[in-house]
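Rule-based calculations on the coordinates, nothing more; no lab input. Since this is a predicted model, take the numbers as computed values, not measurements. Glycine also receives a Cβ, built like all others from the backbone with ideal geometry; neighbour counts cover every protein chain displayed.
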Amino acid sequence: MTNLCREAALGPIRSIPFDKMETITPDQVRPIQLADFEQALLQVRASVSHKDLELYTQWNQTYGSFGL
């Protein structure tokens, strides 16, 4: 999740034309948009494999306190 948010946060920076990088002010950088998260989803890989996620879910059902 952290990597996804970090990647999405770079979306506005990446949309700045290279020749404007040195002169743009922070208030001229656009806000993060849903499209940035959608693009980030295409770039970021899961940090936990599907198999590991199944193991964590099984462990939680047996020993955990989270209601999944």
Fill in the blank from the handout: Within the range 29-68, of all residues that are over 25 Å from Leu4 (Cβ atoms) and loosely packed, with under 10 Cβ neighbours inside 10 Å, the one nearest to the chain's Cα centre (by Cα) is Ser65
Problem - Ser15, sole failed condition from (1) of a type outside the set (A, V, I, L, M, F, W, C); (2) surrounded by 11 or more Cβ atoms within 10 Å (Cβ to Cβ); (3) within 15 Å of the chain's Cα centre (by Cα) - result: (3)
Practice task
Those residues that are in a helix (DSSP H, G or I), among the charged types (D, E, K, R) and touching a residue at least 12 places away in the same chain (Cβ under 8 Å), I need them from the range 7-40; list them, please.
Solution key: Glu7, Asp36
